[in-house]
Amino acid sequence: MDTEPLLEILHTDPAFVVVNKVSGMLAAPGRGPDKVDSVSDRVKRMFSGCIEQPAVHRLDMDTSGLMVVARTTDAHRHLSLQFQNRLTRKRYIALLDGILDENEGTIELPFRLDLENRPLQIYDELHGKTGTTHWKKMAVEDGQTRIEFIPVTGRTHQLRLHAHHEKGLGIPIVGDPFYGNGTGPGQLKLHACELTFAHPESGEMLTFHSEPDF
């Protein structure tokens, strides 16, 4: 019996597809046969002729929401360059595990991989690379804060670290198993709700939306 979670396809184009990833699913295959199942692997199986490595950007396994996945080599190159050169726009919605007093701001923190505790990231003024995130408080709901994140950079665990660290917002995202009180995959309340990029062939600017289920 197939117990795989469904992969929601929001938009299909000959050059790419836009998917709505569920929390707990890998964006691309990891190491080992038990980590093959992923957005990239599903897209390859669903669309004949898809390139071998279709992922052009990633979401953390615990993060849900919008991803664009290339179907052709040319599309992969064009889309990858857009992400690399920060020509795309991404917006996220999250629930913080507490009440945030401030209303909006920008976080700039240098951080790097914790070599002793992969894949966690740690604050490091000397050796870290700066991640930048704009944020805005949306509402307070039952002791939790709904917040909008607009990342300028796209570093691993950036929003999660910017939320929990005392030099950031000082409140972890609900369900975060690395930086908060989460106990497993699929619990993190962080959703990529808006994605804007240029069509890799026509150059037309495209924007996709996905509302979080929390």
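Taking (1) out of contact with any Asp or Glu (no Cβ under 8 Å at 6 or more places or on another chain); (2) among the small types (Gly, Ala, Ser); (3) within 16 Å of Ile93 (Cβ to Cβ) in turn, Gly184 satisfies each apart from (3). Looking at the range 115-153, which of the residues that are acidic (Asp, Glu) and part of a loop (DSSP other than H, G, I, E, B) is farthest from Arg86 (Cα to Cα)? Here the residue is Asp142.
If I go through the range 36-73 residue by residue, how many of them are surrounded by fewer than 20 Cβ atoms within 10 Å (Cβ to Cβ), modelled with pLDDT of 95 or more and of a type in the set (Ser, Thr, Tyr)? Adding up the residues that qualify gives 2. Please enumerate the residues belonging to the range 34-50 that are within 18 Å of Leu7 (Cα to Cα) and in a loop (DSSP other than H, G, I, E, B). Passing the criteria: Val36, Asp37, Ser38, Phe47, Ser48, Cys50. Restricting attention to the range 74-101 and to residues that are in contact with a Phe, Trp or Tyr (Cβ under 7 Å, 6 or more places away or on another chain) and of a type in the set (Gly, Ala, Ser), the residue that is surrounded by the most Cβ atoms within 10 Å (Cβ to Cβ) turns out to be Ala94. Scanning the range 132-154 for residues that are within 14 Å of the chain's Cα centre (by Cα) and buried (at least 20 other Cβ atoms within 10 Å of the Cβ) yields Thr133, Phe149, Pro151.
Leu109 satisfies every condition listed in (1) assigned to a strand (DSSP E or B); (2) in the same structural domain as Glu204 (by TED's automatic domain parsing); (3) farther than 21 Å from Met25 by Cα except (2). One residue alone among Leu59, Leu79, Leu95 is in contact (Cβ under 8 Å) with a residue 60 or more places away in the chain, aliphatic (A, V, I, L, M) and assigned to a helix (DSSP H, G or I), and that residue is Leu79. If the condition is being among the hydroxyl-bearing types (Ser, Thr, Tyr) and within 22 Å of Asp213 (Cβ to Cβ), then the range 1-52 contributes Thr3, Ser23, Ser38.
The values are calculated or read from the model by the stated rules, or taken from the named source; none is laboratory data. Just so you know, these numbers come straight off a predicted model, no measurement behind them. Here Cβ is always computed from backbone atoms with ideal geometry, including for glycine, and neighbour counts include all displayed protein chains.
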